[in-house]
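What follows is a short report on a single structure.
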Amino acid sequence: MEAFKIHKGYSVPLMNDNIDTDQIIPKVFLKRIEKSGFGEFLFDEWRYQPDRSPNPDFPLNFPEYQQATILVTGDNFGCGSSREHAAWALMDYRFKAIIAGGYSDIFYMNALKNGLLPIVLPEDQRKELANLSATDQLTIDLPNQLIITPQGEYTFEIDSTWKNKLVEGLDDIDVTLAHEEAIKAYEAEAFF
């Protein structure tokens, strides 16, 4: 997993509440076995017209948001079914962080396990972020749990274990492999 320490990027607001995983990545696109290739189908029913042309009224299609890597959104993001593909689609599209009022537990864990940073901020702060210009760069400083914008700074909370995993770029396999010698020693004693 790629380490997440400091990310500088632009944001796009999508201030809907209760965006579920089927809206993030519709089930019809879940046939791939790789983690890549889902980005083109992110928010598919909102991003595209029936003829597959871009929907000009959807924020991700606005020219000024084409470089956005941070999604600012509403409450209860990622509710619905437990598909890990939702985190994959967001990351494959290019998002590095999501800033919401809250998340479904399963989506939150899927995001963290895949290196996508889910940040929780109150509504008033998210509205301030949503009103930033598309050219205002945000800095997400994970070690200091800080979002820095031209208009101000915001602090956020994250579990220290997950923070360490993200900052160090460690997934569950990496954490297990850190104990490889102890595992080998145990296996040598237990099975012989």
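Bear in mind that the values in this text are calculations on the coordinates, not laboratory data. This is a predicted model, so every value here is computed, not measured. For neighbour counting, all protein chains shown are included, and Cβ atoms are generated from backbone atoms with ideal geometry for every residue, glycine included.
The calculated P(r) of the range 78-120, using every Cα pair and 10 Å bins from 0, goes 33, 62, 4 in percent.
Counting pairs of alpha carbon atoms under 8 Å apart in space and at least six apart in sequence, what relative contact order in percent does the chain give? Walk me through the numbers on the way to the answer.
Details: 344 pairs, mean separation 51.2, N = 192.
Relative contact order of the chain: 27 percent.
Coupling constants for the range 37-49 follow from the phi torsions by the Karplus curve (6.51 cos²θ - 1.76 cosθ + 1.60, θ = phi - 60°), and in residue order they are x, 8, x, 5, 9, 4, 6, 3, 6, 8, 6, 10, 7 Hz; glycine and proline get x. Put simply, the amide H of ILE25, placed in the peptide plane, has neighbours under 5 Å in PHE43, leaving out anything fewer than 5 places away on its chain. Sorted on the mean count of surrounding Cβ atoms within 10 Å across their residues, most packed first, peptides 104-117, 18-31 read 104-117, 18-31.
How would the range 1-80 be classified by its alpha-carbon gyration tensor: rounded, prolate or oblate, with rounded meaning a/c under 1.5 and the a/b versus b/c comparison settling the rest? Provide the component values of the computation, followed by the final result.
Values: a/c = 1.36, a/b = 1.12, b/c = 1.21.
Cα axes put the range 1-80 in the rounded bin.
Is the range 33-139 best put as rounded, prolate or oblate by its Cα gyration tensor, with a ≥ b ≥ c the root eigenvalues, rounded for a/c under 1.5, and otherwise prolate when a/b is larger than b/c, oblate when not? Because a/c hits 1.5 or more and a/b fails to exceed b/c, the range 33-139 counts as oblate. Remark: the range 85-192 is approximated by an ellipsoid whose semi-axes, taken from the C-alpha gyration tensor as √(5λ), come to 36, 14, 12 Å, largest first.
In the range 6-190, a dipole from Cβ-located charges (positive for Lys and Arg, negative for Asp and Glu) runs towards its positive end, and of SER53, ASN110, ILE33 it is SER53 whose Cα lies farthest in that direction.
Ellipticity at 222 nm from helices only: DSSP H runs of n ≥ 4 in the chain, each -39500 (n - 2.57), divided by the residue count, give -8500 deg cm²/dmol. With one equal scatterer per alpha carbon and no solvent term, the Debye-computed log10 I(q)/I(0) for the chain at 0.13, 0.15, 0.19 1/Å reads -0.69, -0.89, -1.37.
Run the dipole for the range 48-192 about the Cα centre, Lys and Arg Cβ at +1, Asp and Glu Cβ at -1, nothing else charged, and hand back the magnitude in debye, nearest 20. Mind dumping the intermediate values first?
Numbers: 10 positive and 23 negative charges, 76 e Å.
Here the size comes out at about 360 debye.
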